[in-house]
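Below: one structure, written as structure tokens.
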Amino acid sequence: MGGVSNPIEILLNRVRGHQRAPSDSKEFHEVTKRDAQRVLEDDIEKLLETCEEDRRISVRSEMMRFSNLFGRFLAEDGPSVDWNRIEKLPEDSVKDYSGLQAPDENHIRDMLSKLVVIKLNGGLGTSMGCHGPKSVIPVRNDLTFLDLTVQQIEHLNKHYNTNVPLVLMNSFNTDEDTEKVIRKYKGFQVKIYTFNQSCFPRISRESLLPVAKNFNVQDDIEAWYPPGHGDFYESFANSGLLRKFIDEGRVYCFLSNIDNLGATVDLNILNRLIDDGGEKPIEFVMEVTEKTRADVKGGTLIHYENKLRLLEIAQVPKEHVDDFKSIKTFKYFNTNNIWAKLDAIERVLKENTLNMEIIVNNKTLDNGLRVIQLETAVGAAMKCFEGIGINVPRSRFLPVKKTSDLMLVMSNLYSLRYGSLVMSPQRMFPTTPLVKLGENHFAKVKDFLARFANIPDIIELDHLTVSGDVTFGRGVSLRGTVIIIANHGDRIDIPAGSILENKIVSGNMRILDH
């Protein structure tokens, strides 16, 4: 994996208890890796002794998965992709959404009876200055991500007289709060299930050993982490829900990030999967959309060793990062909207052929300790299945990662319909404006909201950059390209009712034609 091999060499030489003198470089590395694995497993056994007895069996199973992941991490030797062996995507590997057939109205209820909707709900709202699960941040009309999701599924169930279940994959960070919140949906026509993804120990970069001292996660929460959404497959199966849904006759799951407000159930895609016309069933669909300059770091689809697979920037050799970011070379990026066949997931797990590239996430804890998190991405499993990509409209990718995204979804650019955001027909272009809000004054939701009397009219906006101490009065309209920069020590108040069209507003309030 790109950027991983050198740190491993440094770290492995520091493993506790290693006293051997190497006879040659290769043997030295093999012995050191074996020592690192053995010492880690000894440490995990000591940790397990601190675990409550009734939890020990399930926790041991989880720690075995962690130990396997760690072993694979040690075995990595350089980038996981040979750049020169990446092939051009085969002609028919990415279908165009516009070529999909809409289902017959009489067929929809039967199709939906075969579907499970799964939302990745492991993240916190800390990056936007909020406490608790990100899914409970209000995003539109005081409705949260979770509210909107429940509304969407309930509308499907009521309109088509069906019973699509909603499944939330929580983490130890979000589980308790989420369980309290979902009680309010008891009267809705949606059956909600939850399960937890794994809880793995962070590893010290110096010793390659877990920094946790016992299994009381809440006592030392910084010592633990949820290992990325690639953990979905095994955790879903271990929860018993995978087998339950197969037994009920469910066939496909649709999985997406809960903060992607564009990731609604798409009947045309589901129709393509269910009505295969006698062809070999599709086991895996990755929704991709065309890259813009804002998406150059997003994972992309490649053809490699006769398989479609996800290529993340972390796997790219340093000398090819610019090639990876090229919009011409790699025209699609992964939206993380995934459709997967349930019995295919079960088969891959039983055959032990699930193999996802490891993402090494380096962190520094509040106490200054440098740690490693070993993670995987859910889309990286694509190479283990018979899959295709579908090039979907940009409207299916509407994530809210920052307050600049929140500004878009709260604005008059969208209206709300049964929990789904619909772009205004007054917008001349299907693309969303590019909005950049200054980190110092707008990054936290509370600060962001305090700077707007109400969200400006942005129907005709192309690009907005705001930097510094800036506030907006009620009824402001932004059009074309607008740049507002308050220099350090200055403050700019945009008066109520202002119309800024292709304007630069500088620190001394001069307004210039752009």
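The values are calculated or read from the model by the stated rules, or taken from the named source; none is laboratory data. Since the structure is predicted, the reported quantities are computational estimates derived from the model, not experimental observations. Here Cβ is always computed from backbone atoms with ideal geometry, including for glycine, and neighbour counts include all displayed protein chains. SASA here: full protein model, heavy atoms, side chains in, ligands and nucleic acids out. Shrake-Rupley method; radii C 1.70, N 1.55, O 1.52, S 1.80 Å.
Quick look at the numbers
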read-out	value
For the stretch 269-316 and the stretch 341-371, distance of Cα centres in Å	19 Å
Acute angle (nearest 10 degrees) that the helix 145-159 long axis makes with the longest principal axis of the chain, alpha-carbon atoms	80 degrees
Computed Rg/Rh of the stretch 264-303, alpha carbon atoms with Kirkwood Rh	1.09
Unit Cα scatterers, Debye sum, the stretch 300-382: log10 I(q)/I(0) for q = 0.11, 0.18, 0.25 Å⁻¹	-0.42, -0.94, -1.30
Rounded accessible area of Asp493 (nearest 10 Å², 1.4 Å probe)	70 Å²
Antiparallel %, DSSP beta bridges [both residues in the stretch 410-514], to 5	25 percent
Alpha-carbon centroids, the stretch 136-158 and the stretch 439-497: separation in whole Å	27 Å
Angle in degrees between helix 25-48 and the longest Cα principal axis of the chain, rounded to the nearest 10	80 degrees
Heavy-atom accessible surface of the chain: percent carbon and sulfur, 1.4 Å	47 percent
Charge dipole (the chain, unit charges on Cβ, about Cα centre) - positive-most of Asn121, Leu47, Leu461	Leu461
Equivalent ellipsoid dimensions for the stretch 133-255 as semi-axes, Å, which come from the Cα gyration tensor, largest first	32, 19, 11
Dipole of the stretch 167-220 [Lys/Arg +1, Asp/Glu -1 at C-beta], most positive-end residue of Gln218, Phe195, Phe172	Phe195
The stretch 295-438: translational diffusion in µm²/s, Stokes-Einstein, Kirkwood Rh over Cα pairs, 4 °C, 1.567 mPa s	71 µm²/s
For the stretch 372-514, diffusion coefficient by Stokes-Einstein and Kirkwood Rh (Cα), 10 °C, 1.306 mPa s, µm²/s	93 µm²/s
Whole-number D in µm²/s for the stretch 368-428 (Stokes-Einstein; Kirkwood sum over Cα pairs; 20 °C, 1.002 mPa s)	137 µm²/s
Surface/4 of the Cα convex hull for the stretch 215-364, nm²	12.6 nm²
Listed residues Ile86, Ile57, Ile258 arranged by accessible area, highest first, probe 1.4 Å	Ile57, Ile86, Ile258
DSSP loop GluC sites (Glu not before Pro) with at most 10 other Cβ within 10 Å excluded, longest remaining stretch of the chain	92-278
Relative contact order, percent, the chain [alpha-carbon distance under 8 Å, six or more residues apart]	15 percent
Distance in nm between pseudo-label sites at Tyr193 and Lys436 (7 Å out along the Cβ direction from Cα)	4.5 nm
The chain, helix-only ellipticity at 222 nm - DSSP H runs n ≥ 4, -39,500 (n - 2.57), divided by all residues, nearest 500	-7500 deg cm²/dmol
Surface per residue (accessible, 1.4 Å probe) for the stretch 96-229, Å²	43 Å²
Dipole magnitude of the stretch 380-514 about its Cα centre (Cβ charges: Lys, Arg +1; Asp, Glu -1), debye to nearest 20	340 debye
Dipole magnitude of the chain about its Cα centre (Cβ charges: Lys, Arg +1; Asp, Glu -1), debye to nearest 20	820 debye
Fraction in percent of alpha-carbon pairs per bin - 5 Å, the stretch 149-220	3, 14, 18, 16, 12, 10, 8, 7, 7, 4, 2, 0
The stretch 76-174 - share of DSSP beta bridges that are antiparallel (%, nearest 5)	40 percent
Overall dimensions of the stretch 90-139 by Cα: Rg and Dmax, Å	18.5, 46
Measure of compaction for the stretch 55-210 (Cα Rg per 2.2 N^0.38 Å)	1.41
Helix 56-75 axis, angle to the chain major axis (alpha carbon atoms, nearest 10°)	90 degrees
Two-decimal Rg/Rh across the stretch 402-472, once Rg and the Kirkwood Rh are taken from alpha-carbon atoms	0.97
Answer label for semi-axes √(5λ) of the Cα gyration tensor in Å (calculated), chosen among [x] 39, 30, 24; [y] 36, 26, 22; [z] 52, 31, 20	[x]
Under 5 Å, built H, 5+ apart or other chain: amide partners of Tyr193	Leu166, Val167, Leu168
Pairwise FRET efficiency - Asp343 versus Val422, Cβ, R0 = 35 Å, nearest 0.05	0.50
Spin-label model distance (nm) - Val321 vs Ser67, 7 Å beyond Cα toward Cβ	3.6 nm
Principal axis dimensions, largest first and in whole angstrom, of the stretch 435-495 by Cα	30, 20, 19
